[in-house]
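For reference, the structure is listed below as structure tokens.
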Amino acid sequence: YQPAIARDGVRIEVVANIAAPEEAAKTVDAGGEGVGLLRTEFLFLGRDQAPTEEEQAEAYSQMVRALNGLPIIIRTLDIGGDKAVPYMAMPAEENPFLGERGIRLCLNRPALFRTQLRAIFRAAALGPVRIMFPMIATLEELARAKALTEEVRLELGADPVEIGIMIEVPSAVMMAEELAAQVDFFSVGSNDLTQYTLAVDRMHPVLSRQADGLHPAVLRMIDRTVRAADKAGKWVGVCGGIAGDPLGVVLLTGLGVRELSVSIPSIAAVKAQIRGLSMERARALAQRALACTGAAQVRRLR
Ligand code: PEP
Ligand code: MG
């Protein structure tokens with residue numbers, strides 16, 4: 001339950017990735033300092049019609065209450081052609097991971113998107129809620145998502161909330177300076193960022209082992225993202241699997257990542273690790289990792 005403060009005084013927020021209402025209370029019990037990623041897909045999958053505004057507002061509110069003042073980042077719906085959602089009538093796609101996924105699907109189905117945003121704003125009246133858009137690839141997508149969010153907010157007369165985006169597409173990294181000016185924070189979705197950077201399907205039965213998020217190509221993407229965010233005075237978190245990897249913890253914090261969002265069982269270990277960490281050493285190791293030629297070399301760093 002102690003804060004994750006490194007030996008030289010740098011504080012890292014350690015928060016949880018969750019995907020069910022009861023996991024909010026479990027986050028608090030496990031020492032989590034909030035929720036860094038609520039995957040809202042659980043409300044939409046395995047059923048034959050979309051959840052109503054009421055149903056969603058109830059689920060989000062329950063989590064906000066359980067967190068008792070700790071922040072929660074609610075990610076808007078992130079499904080795509082690879083998951084069957086019968087009531088959405090999604091046409092089959094040849095390349096679903098390059099198709100109508102994440103924010104693209106929501107922008108093409110504004111009624112669905114608005115319902116979710118209304119439910120999120122209702123829950124935001126009860127505690128610190130932040131909204132995060134997945135799979136942002138362009139400034140245009142962000143502008144459209146923000147405009148719709150603002151329309152919904154005004155309709156409800158709700159207070160503004162912080163808005164962030166996931167950085168999980170290489171184009172978002174390359175445009176990070178411009179994107180940073182338009183948001184309050186970034187959270188790196190390293191699972192997808194790795195898949196799209198290395199062009200390796202994260203679920204591939206043979207190749208997925210090559211999709212190592214600590215590959216220097218991915219670390220350089222994250223480095224670029226952090227430097228762009230720093231210039232704009234915005235913070236960066238990581239919510240992909242490498243945030244809970246012991247070497248990932250050192251390298252990411254060494255690159256300037258300020259928030260790690262991990263699975264509930266990893267929270268205590270990540271906090272304990274940071275409390276024993278020298279940020280000076282982490283920065284030095286991160287610089288060496290950026291200079292490596294491949295993931296295996298990064299994995300051998302000591
Ligand atoms: C990611 O892509 O790293 C991420 C956290 O999102 P998801 O795993 O839900 O795609
Ligand atoms: Mg993702």
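Here region 1-147 carries DSSP beta bridges of which approximately 15% are antiparallel, counting only pairs with both residues inside. When the helices of the chain are scored as -39500 (n - 2.57) per DSSP H run of n ≥ 4 and the total is divided over every residue, the value at 222 nm lands at -13000 deg cm²/dmol. So what's region 1-151 giving for Cα Rg divided by 2.2 N^0.38 Å, two decimals? So the Cα radius of gyration is 1.11 times the expected 2.2 N^0.38 Å. Taking 0.36 nm per residue of sequence separation and removing the Cα-Cα distance, the R224/E280 pair yields an extension gain of 18.2 nm. Using a simple spin-label model with pseudo-atoms 7 Å out from Cα toward Cβ, D159 and R109 lie 3.2 nm apart.
Using the Karplus relation 6.51 cos²θ - 1.76 cosθ + 1.60 with θ = phi - 60°, the per-residue 3J(HN,Hα) values for region 114-122 come to 4, 4, 5, 5, 4, 4, 5, 5, 5 Hz, with x marking Gly and Pro.
Computing FRET efficiency as 1/(1 + (r/R0)^6) for E178 and A25, where r is the C-beta to C-beta distance and R0 is 45 Å, gives about 0.70. As a length-normalised measure over Cα pairs under 8 Å and 6 or more apart, the relative contact order of the chain settles at 20 percent.
Between Q49 and A84, what is the FRET efficiency for a Förster distance of 22 Å, r being their Cβ-Cβ separation, to the nearest 0.05?
Numbers: r = 14 Å, r/R0 = 0.65.
It comes out at approximately 0.95.
Take region 76-138 with all the other protein chains still there, run a 1.4 Å probe, and you get 39 Å² of accessible area per residue. The fraction of accessible area contributed by carbon and sulfur in region 135-233 is 52 percent, rounded to a whole number (1.4 Å probe; ligands and nucleic acids excluded).
The residue list T40, T27, G241 was ranked by how far each Cα lies along the charge dipole of the chain toward its positive end, using unit charges on Cβ atoms, and G241 comes out on top.
Against the main long axis of the alpha-carbon atoms of the chain, helix 216-232 sits at an angle near 70°. With the convex hull drawn over the C-alpha atoms of region 108-198, the volume per residue is 97 Å³.
Whole-Hz Karplus values for region 164-179 come out as x, 10, 7, 9, 9, 10, x, 4, 5, 5, 5, 9, 4, 5, 5, 5 Hz, taken residue by residue from phi with 6.51 cos²θ - 1.76 cosθ + 1.60 and θ = phi - 60°; glycine and proline positions read x. Residue-wise HN-Hα couplings along region 136-144, as the Karplus relation 6.51 cos²θ - 1.76 cosθ + 1.60 with θ = phi - 60° gives them from phi, are 5, 10, 9, 5, 5, 4, 5, 4, 5 Hz; Gly and Pro carry x.
Quick check: at a probe of 1.4 Å, how many percent of the accessible area of region 1-111 sits on carbon and sulfur atoms? Carbon-and-sulfur percentage of accessible area, whole number: 50.
Sorted by average packing, counted as other Cβ atoms within 10 angstrom per residue and highest first, what order do 59-69, 188-198 take? List each step's numbers first, then the result.
Values: 59-69: 18.9, 188-198: 23.6.
Highest to lowest by the protection proxy: 188-198, 59-69.
Axis of helix 279-290 versus longest Cα principal axis of the chain: the two differ by about 80°, to the nearest ten degrees.
The amide H of A4, built 1.01 Å from its N in the peptide plane, has I12, V14 as neighbours under 5 Å, considering only residues 5 or more places off or on other chains. The charge dipole of the chain, taken about the Cα centre with unit charges on the Cβ atoms of Lys, Arg (+1) and Asp, Glu (-1), comes to about 1160 debye, rounded to the nearest 20.
Under 20 °C and 1.002 mPa s, how fast does region 204-302 diffuse according to Stokes-Einstein, given a Kirkwood radius computed over C-alpha pairs? Answer in µm²/s, whole number. For the chosen part, D equals 155 µm²/s. With the convex hull of the Cα atoms taken as the outline of the chain, the averaged projected area works out to 14.9 nm². Restricting attention to the chain, the count of lysine pairs at 8 or more positions apart or across chains with alpha carbons under 26 Å apart stands at 5.
The values are calculated or read from the model by the stated rules, or taken from the named source; none is laboratory data. Fair warning: this is a prediction, and the values are worked out from it, not measured in the lab. Neighbour counts are summed over all protein chains in view; Cβ atoms, including those assigned to glycine, are modelled from backbone coordinates with ideal geometry. Areas reflect the complete protein model, heavy atoms only, side chains present, ligands, DNA and RNA absent. Shrake-Rupley method; radii C 1.70, N 1.55, O 1.52, S 1.80 Å.
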